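Below: one structure, written as structure tokens.
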Amino acid sequence: MTTSDEMMAVSESLIWQATFDAITDMISIQDRQFNLVKVNKAFERFTGLKIEELIGRKCYEVIHGSNCPIADCPYGQMMVNGNRCVSEYYEPRLGIYLEIATSPVVGSDGQVIGSVHVARDVTERKKAEQIKDEFIGLISHELKTPLTVILGSILTSLGKGITRRQARHLLSDAAASAESLSRMIDNLLELSRAQADHLEMRKEMVDVGQLLRSVVSRYQDRSKNHRLVTKIPKGLPPVKADRVRLELVLNNLIDNALKYSPGGGDVVVSIQDQGKYLLFSVKDRGIGIPDEEKDRLFQPFARLSNTAGIDGVGLGLNVCQHLVKAHGGRIWVESEHGQGSTFFFTLPLGGTKEASS
Ligand code: ADP
């Protein structure tokens, strides 16, 4: 071998080492007895052990803390069929989900002399899958509940011996449930549009006082133990907004104010002209929001510890945030646990963007 061949060989092995170390997946080369022959930096990081503490030790000992290979070890399967094997499982010792791909290392005589393991931390993907699965279960339940009321009320109202008054009552229950169903679907559609960056606003000049009055009037008879109060000053300037979206924001906030104040009381909905923007607020005297959970409030599918016995899917506030932001405004909450909450949002006047501080 010439000096330059040697140089090349040295630099090539350094390049390989640097390449493996740059990869964030755990890579190891093992012999047929599961002994670690080579590992990269990610392997050291995940296991918390130094390279000199790892080389020569059994992989299953280091990763699983066991004294023999685990039942569904992909290496074992690979030894049997000689092909690359991939498996996925939860490793409680490391607290992560791993996807492990095992590929054979073949000697000059064609025999498998070891394997290359590439283990990837797939915990985030697994969590997302779990959230999706839970979400499908939750949403199916939440869609079914108002549908059951709608169907039940309509069928009962058609039954024999039902008076006109009773039928009217049943049908208004059905209408309220249909509205809540429709809002849930609207929220789902808005969320999927926002996630796909397709939230196109259809803005027009809106008389927000009139819009708020009409939204509130639909809630007036919804609850016997709440009183809905509006505070709308005269002479409010019209605002350029997407009427349907603004209505959805108000519906979501008023709906929550009623839902999360099961003991009843006043729900005060107001608008104030702040010069550069309009300030909307929805105030309830309900269960309030624990301080330590306020950060999660506007996240998708956030349901806080205060929701026991109260239905919901955790979409409304996230959608409100997307829609208010799309108007150049901002949304926030002031709340004291056990005392009630006030949700605020702004809409800039004259198309100017309010500072989002
Ligand atoms: P949902 O009501 O369907 O659960 P939202 O996105 O509207 O979803 O609200 C998210 C969470 O924020 C709720 O689950 C609840 O924990 C909390 N929350 C929302 N509005 C209020 C309110 N007015 N008072 C107390 N908690 C609230």
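None of the figures in this text is laboratory data; all of them are computed from the coordinates on show. Because the structure is a prediction, the values reported are computed rather than measured.
For this structure, a couple of remarks:
- Cα-based reach from Lys126 at 15 Å (exclusive), listing aspartates and glutamates while leaving out same-chain residues under 8 positions away: Glu88, Glu91, Glu99, Glu134
- Restricting the calculation to Cα atoms, the stretch 1-140 shows an Rg/Rh of 1.07 when the hydrodynamic-style radius is the Kirkwood one.
- Stokes-Einstein D for the stretch 79-190, Kirkwood Rh over Cα pairs, 37 °C, 0.692 mPa s (µm²/s): 170
- Dimensions of the chain based on its C-alpha atoms, expressed as ranges along the principal axes with the largest first, amount to 95, 58, 37 Å.
- Look at the alpha carbon pairs under 8 Å that are at least 6 residues apart: their mean separation over the length of the stretch 247-311 gives a relative contact order of 28 percent.
- Counting only alpha carbon atoms, the long axis of helix 243-259 and the longest principal axis of the chain meet at about 90°.
- Rounded to the nearest whole Hz, the Karplus-based 3J(HN,Hα) values (6.51 cos²θ - 1.76 cosθ + 1.60, θ = phi - 60°) of the stretch 183-199 follow the sequence 5, 4, 5, 4, 4, 5, 5, 5, 5, 5, 5, 5, 5, 8, 6, 10, 8, with x at glycine and proline.
- Residues of type lysines that Lys41 reaches as a straight line, Cα spacing below 16 Å, ignoring anything fewer than 8 places off in the same chain: Lys50
- The Cα-based radius of gyration and maximum Cα-Cα distance (Dmax) for the stretch 180-250 are 14.4, 40 Å.
- Beta bridges by DSSP in the stretch 212-356, antiparallel share as percent, to the nearest 5: 75
- A straight Cα-to-Cα reach below 19 Å connects Lys240 with the aspartates and glutamates Glu200, Glu204, Asp207, Asp273, Glu354, residues fewer than 8 places away in its own chain not being considered.
- The alpha carbon gyration tensor of the stretch 16-97 gives principal lengths a ≥ b ≥ c with a/c below 1.5, which makes the shape rounded.
- Remark: for residue pairs Lys231/Lys283; Lys58/Lys127; Lys132/Lys294, the C-alpha separation exceeds 21 Å in Lys58/Lys127; Lys132/Lys294.
- Principal-axis analysis of the Cα atoms of the chain puts helix 123-158 at an angle of about 30° to the longest axis.
- The chain: angle of helix 3-22 to the longest principal axis, Cα-based, in degrees nearest 10: 30
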